[in-house]
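One structure is given here, and the rest of the page talks about it.
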Amino acid sequence: MPTSSAERTGGGGSALATRGLVAGYGDVVVVHGVDLDVAEGRLVTVVGPNGAGKSTLLKAILGLSRVMDGHVVLDGDDVTGQPLELLARRGIGYVPQVDDVFETLRVSENLEMGGYLLDKSERAARVDEVLEIFPALKPKMRRYLGTMSGGERKMTAVARALMLAPRVLVLDEPTAGLSPALTRVVLEEQARALASHGKAVLLVEQKAHAALEISDWAYVLVRGAVAKSAPAREVLADPDMAEIFLGAAVRDGGVK
Ligand SMILES: Nc1ncnc2c1ncn2[C@@H]1O[C@H](COP(=O)(O)OP(=O)(O)OP(=O)(O)O)[C@@H](O)[C@H]1O
Ligand SMILES: [Mg+2]
């Protein structure tokens, strides 16, 4: 099984990597020494039971949870603990687990807010580019987010994160609360499509099967540690996968 960083990410260096990352909240350690690699043009998915530490891992990368040890590396530079705005300037886009779109604003206004670091003409040009990626939003630009479906809101949240043209996209459960059909749309037409546009995409998903089907590489996170790191197809075919999820879910106090 391939183990080097370049092989793991499918070639080249990593756009985003973590090395021995230990993170949590206050004195509580949630993430126990995680090594992870995401190369440009690749879709890498982290799956694992509820409470495994998936969101905490992403937040540690984004400087939003406490990093106790280890490193976050962006394009070869150590950016451990850097604030979100600086990471945004350096090319990371983040869509958190909790919807962060503004319901009382129009789609167009949400996109403009996503481009807050750009000047006015750059921002307008960038809106056009983002709409090339998500043409379905074009006819909805004047709609208020509060009147839109869950899928459209997620699409707007992702589009908003794209306004600063990030090279690295970090998405925390973009399909939460969506129907199976919309889940497929978000995963295939958003997450997969972004990787095909050359972005490095790091995805966290509860819907492990659907996510693994469209991913290049997978990390299975159990109680804050990587239980398996392998090509997504291999993880999908692994009979131990169900056991890992079920076993951990039972230990954590109940099956969903
Ligand atoms: N802000 C916080 N302060 C303290 N503890 C937290 C905080 N957020 C999460 N935790 C704890 O960290 C652990 C991991 O939570 P986390 O949200 O990272 O898991 P997850 O894998 O994303 O779960 P889910 O699949 O339910 O989203 C849990 O025990 C949780 O209670
Ligand atoms: Mg989470």
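What follows is calculated from the coordinates using simple rules that are stated; it is not laboratory data. Just so it is clear, the structure is predicted and the values come from calculations on it, not from any experiment. Counting neighbours? That spans all protein chains shown, and the Cβs are built from the backbone with ideal geometry, glycine included.
A few points about this structure:
- Angle in degrees between helix 240-251 and the longest Cα principal axis of the chain, rounded to the nearest 10: 90 degrees
- Rounded to the nearest 0.05, the FRET efficiency derived from the C-beta distance between Ser121 and Ser149 at R0 = 35 Å is 0.65.
- Cross-link pairs Lys138/Lys207; Lys54/Lys228; Lys59/Lys138; Lys59/Lys120; Lys120/Lys140 - those with Cα-Cα distance over 24 Å: Lys138/Lys207; Lys59/Lys138; Lys59/Lys120
- Note on the stretch 124-247: Kirkwood hydrodynamic radius from all Cα pairs is 15.7 Å, rounded to one decimal.
- Considering helices alone, the calculated mean residue ellipticity of the chain at 222 nm is -9000 deg cm²/dmol, with DSSP H runs of length four and up weighted by -39500 (n - 2.57) and normalised per residue.
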